[in-house]
Amino acid sequence: MLPFHVLKRSIPPVMALAAASYCTILPALERTLICSDGIRLATKQWRSSKKTTTYDEESKPPIVSSTTVELEQEGNSRRRILCLHGWLDNADTFHLLGPALGSDKCGQFEVVALDFPGHGRSSHKSKDGPTQVLFEYVFYVAEAVRQLGWDNPTERFTLIGHSMGGGVAIAYAAAFPERVDKLVLVEGFGPLARNAKDSSKHIRHSCQTRMKSNKALFSQVLGSDVLSATKKARIYPNIAKAVDVRMATAKLSPGEQYISKEAAYALVTRATNPVNGDGEAVTFCHDPRLNWPSIQYSTTEQVESLISDIECPVCCIQADNGWPIPESQIKRALSLLKPTLHKKLPGSHHLHADPDSFDEMLVCVQQFLSN
């Protein structure tokens, strides 16, 4: 169970499933999954129940404790959706989509969103473990599926992946086609591909970065696996300042990207810890090694092979001002994915998390899932 101050900060002051000022909120349940390698995966789960909570903009949403009793009592009749976030994001990138799909209005869905290792509330990899090899995340998706009890050979689930999470979702759907019934890709057309001729350069860059950074990141105590980066991490005077920085980062990204204050708040509250216990000052808690270059990338041939192995229907959703991808790459990916539904909608890279662009995005997802 998360500490009270974390739970309290993790609930935005205003959460809207639509642009309405008065709405019904489906609270999230927190659950931690223990993987076979000891990694603790934090998850958020949304599932409708008989009791819902209604409030307007001036009232405060409830504090929800971590429990799975309600889920266990409702049985396993609902369709299942597993949501995978992007790089340096966390499960709260689905702070609108999760409760919307989990509500009775959208059908009988059980929605689970993961924090990948090193992100959000999940634990970090050990100092000798790979931190930025994309397909490592596929292993943790498989672990989550097993821990959730979703590995029944007679039942399938839907995967929704945003950005990097879309690449992970493609790889999982290709490797375990018998598990996935539908695939939704939001602002992502597959794992990042690099030129095979540059492999030696990528390996060199990764090794040099790792050797240089390890000296600053890890405690010099022999045998310690504890990162000491928190001692040197940037401290923000309050959540509001950290949110401003997150919004500024989006504007500095390629293209004309942006992120709403609501989406940034949801992400930042799950990605930060208080400094010195319960003060207003915060620091980001993601694994700093996630900023390192990967030691291994996929080639175009490998990525296209993965896409070709997908057997389920696919939905692709783009944003007008999303991550800039060359049109030739998009056309090639679409020719391989053969999506049942492909939409380009108003919004930016986090259109699924921004209230202004969420409604149209939700309609597309509902349309795809209902077919």
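Annotations for the structure displayed:
- Annotation: amide H of Gly347 within the under-5 Å range of Asp320, Asn321, sequence separation 5 or more or interchain, hydrogens built in the peptide plane.
- For Phe218, residues with placed amide H under 5 Å, excluding near neighbours: Ser228
- Portion, in percent, of the accessible area of the stretch 231-338 that falls on carbon or sulfur, probe 1.4 Å: 51 percent
- Total formal charge among the other residues, if their Cβ is under 12 angstrom from that of Lys261, Lys/Arg +1 and Asp/Glu -1: -3
- Averaged over its residues, the stretch 95-189 has an accessible area of 28 Å² per residue, based on protein heavy atoms and a 1.4 Å probe.
The values are calculated or read from the model by the stated rules, or taken from the named source; none is laboratory data. In this text, all values refer to a predicted model and were calculated from it rather than measured experimentally. Every residue, glycine as well, gets a Cβ built from its backbone with ideal geometry; the counts of neighbours run over all protein chains shown. Side chains are part of the model used for accessible areas, which takes the heavy atoms of the whole protein and leaves out ligands, DNA and RNA. Shrake-Rupley method; radii C 1.70, N 1.55, O 1.52, S 1.80 Å.
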